[in-house]
Structures are given as C-alpha cells and as structure tokens.
Amino acid sequence: MSVLSGKKILLGISGGIAAYKTATLVRLFIKAGAHVQVIMTPASKDFITPLTLSTLSKNPVYSSFYDQDEDNEKWNNHVELGLWADLMVIAPATANTLSKMANGTCDNLLLATYLSAKCPVYFAPAMDLDMYIHPSTIASFKKLEQFGNTMIPAESGELASGLSGEGRMSEPENIVAFLEADLESRLPLKGKKILITAGPTYEAIDPVRFIGNHSSGKMGFDIAQSAANLGASVILVSGPSHLKIENNLVKVIRVVSAQEMYDACHQYFADVDVAIAAAAVADYKPKIIALQKIKKTADDFTIELEKTKDILASLGEIKKNQFLIGFALETENEIENAKLKIQKKNLDLIVLNSLQDKGAGFGKPTNKITFIDKNFEVQPMELKSKEAVADDILNKVIAHFL
Ligand code: CTP
C-alpha cells in the first residue's frame, strides 16, 4: 500500500507546457489511493483544461477567488483549501510562480492558498534551462527551502524551446516516487521493529476440542495496522482469528496454543524495539491432551488443568531496552491490580480495560482504556473505536522515542 493512500493532496498547477503532464500525475495520485483537489493559475488553463483535471480528480477544479454560475457567485475559500490538505504539490512550478511564492505575493488563488497552507509543500520546477540556472530562480529555490518547502528537482532532457538541459519537470512517476520516499522517511516509527501479540489461544483437550475464549484479535490487528502506517516493521503473532492484514511491513505468524505463541515471541523479542501484548492468552491448559477423541461415558467429567507460561512476564524478565506494553482486563480494584501487574511483569506501560466500562471488551468495535505507566501515572481515555485506541497506544510509543 502506498504511503499516499488516504492522503489529501492539493495540486497547484502553474502555467508551463509541463502542465499537460498533470493529467497523468492526478491519475497516479488517485491510483495510489489519495484524494485530490486541483487549483490552477489562470495561465495554466492554456495548457490543460479544468474539465480534464476535474474528471480525473473527481472534484471541482478551482482557479479564481470567485466561481460564477448562472445565478450565484461563490467564493473559493483559500484558507479552507489549505487546511483540507495533508500535502500541497505545486507542479509544474514556473519561475514566475516560484518567485511570487518566495516573496509572499498572492495575486491568484493558488498563491493565496500556498500562503495559508499549514501542510508540507513540495514544488516541481519546470522552465527553460537558462531560467532554471538564473541567480534569481536559484534564490527563489533557496528561500522556499528555508521556508521548509521541499523541491522536487527538475530533470535533464529536451525542453519545449528545443534546447536540451536541466529544467524539465520531473516525470509524474518520479514525482510520485519522490513524494512516497520523502513521506516514508518522515514517518515517526520508521526503522523501529514492533512485536505484537493478538487474538485468543486454543488449548487442546483432545484432537477435536479445545479451551478458548471470545477474543477476535481486532485490537492487536488494529495496533499492527496503525504501527505499519507509522512506518514500523511489525511482527504480529496471532492466535486463531479470522482477521487478515496485507501490508509489506507486517509479518503475520499464526499460532494456536499459548506455548506456540510463547515460542514465536521469544524467537523475535531480542531483535525488536517495542513489544505489545494484546493477546488474550489462556491462563490454563489441560495437563494431558488425549490422543483420541474423548468418548462420553461417565456423567461427570473433570479435566485437570495446569498454568500456561506467562508470555508477557517472561519477556519482562529478559527485556533490555525494549519498551514493553501489556494489557490488563479487570473487573474489580482495576487500578491497583493493574499497578501490581506492571511490577510483576516489569512493564513500561499497561493498557487497562475495565469490564465495568460500557463499550470495552471482547468482540466490540470500541474500547475504553486507561493508561498507567511504570511511574504509576494514570491517564483515563475516552470511549473510542479500536482503531483510535490503537493510534493512542502508538502515540505513547512515539513519545517514548522522542
Ligand atoms: N499474558 C501473556 N501470557 C499469558 C497470560 C497473559 O502474555 N499466559 C498477557 C496478556 O497478553 C496481557 C497481560 O498479560 O497483555 C495481562 O493479562 P491478564 O489476563 O489481564 O492478566 P494475568 O496476568 O493473566 O492475570 P489474572 O488473569 O490473574 O488477572
């Protein structure tokens, strides 16, 4: 999945011949899963029509402060457009537009939107080679980079003038690749490895029966998805769950029993920066697994159980620099019990679920949690979707690495 997926991209087009390539650029953004809105300078409409770009972006195209239809005049709010965007890309960026951007001129909608945008701004220059190397153009580039804008350098090749050299707008495919690489490098968990456990475990009684629980795995899978979106490499060790995750950054290891989950976690733990135990691991398992299906004979039947290994506690025992997060599901004396678990399992943070809170627990799309850190600082959170809770947990991880 592209890092551009779900991103809101504001594409600003200024008046150069390379504007015709923005049809392809919009198509590639949409293909990557982005939402696109286009702003054109009046001059750019000589090179490509708003209708083309509106059709491809599936949105109206803006080019002036007012839109006039038969009866109404509608003001195009440049502040709103700037606030909508996750990133703004100005391509092609002509020498004229770049110079105005560098000097705060805002005599068209694109420039006014640029000035009010709070998101990261990228610009892809396109001009003839002598203009590209002119000291005033180079001064514009420098100034814009000092403002925190990012230049997508022009490429070398044949130019519209017939000359050959630097100044051709970067090809649409290369602009997309540039943006993806740049955005990925800025992700807050880039380079971090995270081990996550999820789902229930099944403890076999005989070849057809087991002891299990109602955990769906959703919380752990949501944490894995969110961690990957933030750039982390994830090892997701999951007990039996129908959930799937397809992401290059997530390696899913399917296990069945607590012992298998324990083995998988210990295989990877030494190599990770963070471990998050969201699995509902069975606390007990049958002492003996019958080799054949148990037949019903007596009226009463007893299965002798023994404790499973506590995976989280075993990780707490051997942890070095890993940031270790556990979950606690409590029904009484919640805070006190959770604090004891922090100490007993040598955790850095615990995510407490209280079954007394409506909306928390197994099989629900929402969760209501309280964070307690190793200094016993307690932070209750609102009832949220499990996706939003996953983001909150990963914000704690990000804060740890700051
Ligand atoms: N956990 C684990 N291995 C186990 C049992 C639990 O890794 N065998 C982890 C869970 O993934 C969770 C945390 O320990 O992150 C807390 O689990 P919980 O069931 O709430 O607590 P327990 O330690 O099992 O204690 P109790 O059941 O007595 O409350």
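Laboratory data are not the source of any read-out in this text; all were calculated from the coordinates shown. Note that the structure is predicted; figures quoted are calculated from it, not measured. Here Cβ is always computed from backbone atoms with ideal geometry, including for glycine, and neighbour counts include all displayed protein chains.
Starting from 0.36 nm per residue, how many nanometres of slack lie between residue 139 and residue 118 once their C-alpha separation is accounted for?
Gain on stretching residue 139 to residue 118: 5.3 nm.
What translational diffusion coefficient, in µm²/s and rounded to a whole number, does the Stokes-Einstein relation yield for segment 305-402 at 25 °C and a viscosity of 0.890 mPa s, taking the hydrodynamic radius as the Kirkwood radius over Cα pairs? Present the calculation step by step, with values, prior to reporting the outcome.
Numbers: Rh = 14.1 Å.
In µm²/s, the coefficient rounds to 174.
Any idea how far apart residue 84 and residue 337 come out in nm if each label point goes 7 Å out from Cα toward Cβ?
Spacing of the two 7 Å Cα→Cβ label points: 4.9 nm.
Counting each DSSP H run of 4 or more residues in the chain as -39500 (n - 2.57), what helix-only mean residue ellipticity at 222 nm follows after dividing by all residues, to the nearest 500 deg cm²/dmol?
Working: 13 runs with 131 residues, N = 402.
Only helices count here, giving -9500 deg cm²/dmol.
Which semi-axes, in whole Å and largest first, does the equivalent ellipsoid of segment 1-63 have when worked out from the alpha carbon gyration tensor as the square roots of 5 times its eigenvalues?
Semi-axes (√(5λ), whole Å): 20, 11, 9.
For a footprinting-style exposure proxy, rank 180, 203, 382 by other Cβ within 10 Å, fewest first. Mind showing how you got there, number by number?
On the way: 180 14, 203 24, 382 10.
In increasing order of surrounding Cβ atoms, one gets 382, 180, 203.
Between residue 24 and residue 314, what's the calculated FRET efficiency when r is the beta-carbon distance and R0 is 56 Å? Round to 0.05.
For residue 24 and residue 314, the calculated efficiency is 0.55.
What is the sum of charges, Lys and Arg at +1 and Asp and Glu at -1, for the other residues whose Cβ falls under 14 Å from the Cβ of residue 5?
Surrounding charge for residue 5 is -1.
If you stretched the chain out fully between residue 182 and residue 214, how much longer would it get, using 0.36 nm times the residue separation minus the C-alpha to C-alpha distance?
The span from residue 182 to residue 214 would gain 7.4 nm if fully extended.
Provide 386, 293, 143 in ascending order of the number of other Cβ atoms located within 10 Å of each residue's Cβ, fewest first.
293, 143, 386
Rounded to two decimals, what is the ratio between the C-alpha radius of gyration of the chain and 2.2 N^0.38 Å? Spell out each step's value before the answer.
Numbers: Rg = 28.0 Å, N = 402, 2.2 N^0.38 = 21.5 Å.
Against the empirical 2.2 N^0.38 Å value, I get 1.30 for the chain.
Step by step: find N for segment 193-401, compute 2.2 N^0.38 Å, then divide the Cα radius of gyration by it. What's the final number?
1.04
What's the extension gain from residue 251 to residue 288 if we count 0.36 nm per residue and subtract their Cα-Cα distance?
10.1 nm
Taking 2.2 N^0.38 Å as the expected size of a compact globular protein, what ratio does the Cα radius of gyration of segment 77-161 give against it, to two decimals?
Here the answer is 1.08, to two decimals.
Compute the FRET efficiency between residue 1 and residue 355 as 1/(1 + (r/R0)^6), taking r as their Cβ-Cβ distance and R0 = 56 Å, and round to the nearest 0.05.
With a Förster radius of 56 Å, E is 0.95.
Could you put 75, 84 in order, starting from the residue whose Cβ has the fewest other Cβ atoms within 10 Å?
Ordered by Cβ neighbours within 10 Å, fewest first: 75, 84.
May I ask for the distance between the Cα centers of segment 380-400 and segment 52-113, given as a whole number of Å?
Cα centres, segment 380-400 to segment 52-113: 35 Å.
Take residue 161 and residue 400, extend 7 Å from each Cα along the Cα→Cβ direction, and tell me the distance between the two endpoints in nm.
Going from the residue 161 label point to the residue 400 one covers 5.7 nm.
Given 142/193; 193/218; 58/364; 293/384; 143/193, which pairs have Cα atoms separated by over 32 Å?
Distance filter (> 32 Å) returns 142/193; 58/364; 293/384; 143/193.
Hey, which aspartates and glutamates would be in cross-link range of residue 251, C-alpha to C-alpha under 15 Å, not counting anything within fewer than 8 residues on its own chain?
In chain and number order, the partners are 222, 271.
Take the Cβ-Cβ distance between residue 388 and residue 51 as r, set R0 to 25 Å, and report the resulting FRET efficiency rounded to the nearest 0.05.
Once rounded, the FRET efficiency stands at 0.05.
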